[in-house]
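The values are calculated or read from the model by the stated rules, or taken from the named source; none is laboratory data. This one's a predicted model, so the numbers in the text were calculated from it and none came from an experiment. Ideal geometry is used to build each Cβ from the backbone, glycine not excepted, and the neighbour counts take in all protein chains shown. Heavy atoms of the whole protein, side chains included, go into the accessibility calculation; ligands, DNA and RNA do not. Shrake-Rupley method; radii C 1.70, N 1.55, O 1.52, S 1.80 Å.
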Amino acid sequence: LFEYPFPVGTVNGIKEDGTPKTVGVKGFDEGKDYYWTYNSEVIEAATAPGAGVDVSMNYQGLYDILLTETNYSEVASRQTIEGGTGIYESIIDDPQINSQTIATETALAYLRRFGVIPETIAFETDEPGLRSGQLLPVDIGMYDLSGNYLIESVSVRDEAGIINRYKVNAVSNESLSDWLDFFNSLSRQTQKLTLYDETKVSLLESPTDGVTTSDSATETNGKPDSYTDSAHTDFSETDWI
């Protein structure tokens, strides 16, 4: 067993006194000189090298990634509107991220989604049917409002016993992109599928089948029509000698 400073993310090669050795993943590969496991600090040798043999490994270790990303334009905008520093801070901890590139892209995605204070609109309508959670397409050019707004609340009041009037509050945020994708991602995070040896899975299938039909026809040559009991004979007279 060889222990290294960082948990292993990937191994690029192992050498003994400069001679390359085969490397495999423990529990997956067979017949290798050395085996490694993801997120483990220990490398195992199938056969221990001799005394004094120099073992070197080229690998990429796993370590904590810390970074910060700032939306400076939004900070300036908040500072102008609210005063103060205009800075809002949030800390995100995601143990599934294992590379600097993914960490950076994730941080920027969070900024696009949550780094902008959403626009809120309120209006009244006499049309029924609006409900909280619905997406409402809005396109009002004179107020520079365009896109899908999420309805947060709907209240109703009676107007002189004649009609119901609805007050609607909706919110929109460019950073949230597509609300459908947003809610789909939330549902996927809360619905994780785990199968065990004793698990029984029923799959709904729609079977299809084909039906072949055939027919045959026999052709018979037509015959002239014939009629009986329909002869007509006029009266005739013969002179007898």
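Among 95, 77, 50, whose Cα sits farthest toward the positive end of the charge dipole of the range 1-105 (+1 at Cβ of Lys/Arg, -1 at Cβ of Asp/Glu, about the Cα centre)?
50
To the nearest 10 square angstrom, what accessible area does residue 162 show with a 1.4 Å probe?
150
As an exercise, identify the chymotrypsin sites (Phe, Trp or Tyr not before Pro) in the range 1-75 lying in DSSP coil whose Cβ has no more than 15 other Cβ atoms within 10 Å.
Passing sites in the range 1-75 are 28, 38, 63.
Ignoring ligands, DNA and RNA, what accessible area per residue does the range 46-183 give at 1.4 Å, in Å²?
72
Based on Cβ point charges of +1 for Lys and Arg and -1 for Asp and Glu, what charge dipole magnitude is obtained for the range 1-42 about its Cα centre, in debye rounded to the nearest 20?
Dipole size: approximately 100 debye.
By the scheme Lys and Arg +1, Asp and Glu -1, what is the net charge of all other residues having a beta-carbon under 10 Å from that of residue 170?
Every neighbour counted, the sum reads -2.
Net charge near residue 33: determine it from the other residues with C-beta under 15 Å of the C-beta of residue 33, scoring Lys and Arg +1 and Asp and Glu -1.
Net local charge, residue 33 excluded: -2.
Where the centre of each part is set by its Cα atoms, how far does the range 13-27 sit from the range 31-110, in angstrom?
Centre-to-centre (Cα) distance: 25 Å.
Treating the Cα atoms of the range 69-124 as identical point scatterers in vacuum, please give the log10 of the normalised Debye intensity I(q)/I(0) at q = 0.25 Å⁻¹, two decimals.
Debye curve over Cα of the range 69-124, log10 I(q)/I(0) at q = 0.25 Å⁻¹: -1.02.
Return the long-range amide H neighbours of residue 145 (sequence gap of 5 or more, or a different chain), with a cut-off of under 5 Å between placed amide H atoms.
For residue 145, whose amide H was placed from the backbone, the distant partners under 5 Å are 140.
Under 5 Å between amide hydrogens, which residues at least 5 positions from residue 62 or on another chain qualify, with H placed 1.01 Å from N in the peptide plane?
It is 8, 9, by chain and number.
Using only C-alpha positions, report the orientation-averaged shadow area of the convex hull of the range 26-148, nm², one decimal.
Mean orientational projected area (the range 26-148, Cα hull): 15.6 nm².
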